[in-house]
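Quick notes on the structure that follows.
Each value in this text was obtained by applying a stated rule to the coordinates, not by laboratory testing. Fair warning: this is a prediction, and the values are worked out from it, not measured in the lab. Here the Cβ positions follow ideal geometry from the backbone for every residue, glycine too, while neighbour counts run over all protein chains shown.
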Amino acid sequence: MSFLNKLFGKKDNVKKSFDIDYNNLPVHIAIIMDGNGRWAQKRRLPRTAGHREGSNNLDKIAQFCGEIGIKYLTVYAFSTENWKRPKGEVDALMDLLLDYLRNAEKHIGGRDVRIRVIGDTSALSKEIQEQIVRVTKLTEKNNGLTINIAINYGGKHEIVHAVKQIAKDVAEGKIKYDSIDENMISDRLYTKDIPDPDLLIRPGGEKRISNFLIWQSAYTEFWYTDVLWPDFKKEHLLEAIKEFQLRNRRFGGI
């Protein structure tokens, strides 16, 4: 019995609904984990309960990505704009993040997973920063799925940061201004050694990228769904991949 048959049970239904090409998987999938608060409100629960459920769902989706052969998964956990939310909700999100990092070994469950954090970590608490360093070092030699967690991340902020680095190098005579090109900017982003996302998924019903990987997503395929992130299942991921494989990625050509 194949892996998908074990997962979903009925062979015929699996073959009909999720007949994807495992030789043409997106190398890098990015996900905006949206809808946690609304998921909780629909159940008359505090928004923090939705964020916790969303964190639990990340484990399930990340494990599945690793099992089917996805190499990179980048998830939007906390944006530079999320500081505008009520302090109680921000504190709860930070507690969730700290808990995730402290228990990273349990989350990856012995799997060959590498965990990285992208974003401006300088605004985070000392304890969170220490845990980021610990988990990064702990998993840096793993060669399976790389999970990039975007925390205090904003696409515009990232580009400004890169431009400032280049401007500094020009001022110090390290590079010439006419040598600046796209590769030079890409090499100064948080994702400098990560391939650009092939597929960006946004659950929750919104149809925007919300300042997420705006440089890297120039030729990314987008897939939206009304399903809220805590309800986003393996079936939805396979549906997104299947549609991705049906698209003609011309990259400006014919």
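For the pair Asn24 and Glu235 in one chain, pulling the backbone fully straight at 0.36 nm per residue adds 74.2 nm over the alpha carbon distance. Put simply, the convex hull of the Cα atoms in the range 33-149 casts, on average, a shadow of 7.2 nm². Report summary: the helix-based calculation at 222 nm, which adds -39500 (n - 2.57) for every DSSP H run with n ≥ 4 and divides by the residues of the chain, gives -13500 deg cm²/dmol. Model label points for Ala218 and Asp178, set 7 angstrom from Cα along the Cα-to-Cβ axis, are 2.2 nm apart. Highest GNM mean-square fluctuation among Lys168, Lys207, Lys60, for the chain modelled with Cα contacts below 10 Å: Lys168. Separation of the range 41-113 and the range 119-191, taken as the distance between their Cα centroids, equals 21 angstrom.
Between Asn142 and Glu89, the C-beta separation translates, for a Förster distance of 41 Å, into a calculated FRET efficiency of about 0.80. The mean of 1/r over all pairs of different alpha-carbon atoms in the range 168-254, once inverted, gives a Kirkwood hydrodynamic radius of 15.6 Å. Counting GluC sites (Glu not before Pro) as exposed when in a DSSP loop with at most 15 other beta carbons within 10 Å, what is the longest stretch of the chain free of them? Between exposed loop sites, the widest span is 1-80.
Summary: within the chain, the longest segment free of chymotrypsin sites (Phe, Trp or Tyr not before Pro) located in DSSP loops with at most 15 other C-beta atoms within 10 Å is 23-218. When restricted to Cα atoms, the chain yields an Rg and a Dmax of 19.1, 65 Å, respectively. Were the residues from Val163 through Ser125 laid out at 0.36 nm apart, the gain over their Cα-Cα distance would be 11.1 nm. Separation of the alpha carbons by more than 20 angstrom is noted, of Lys87/Lys126; Lys84/Lys137; Lys71/Lys234; Lys87/Lys207; Lys71/Lys156; Lys192/Lys233, for Lys84/Lys137; Lys87/Lys207; Lys71/Lys156; Lys192/Lys233.
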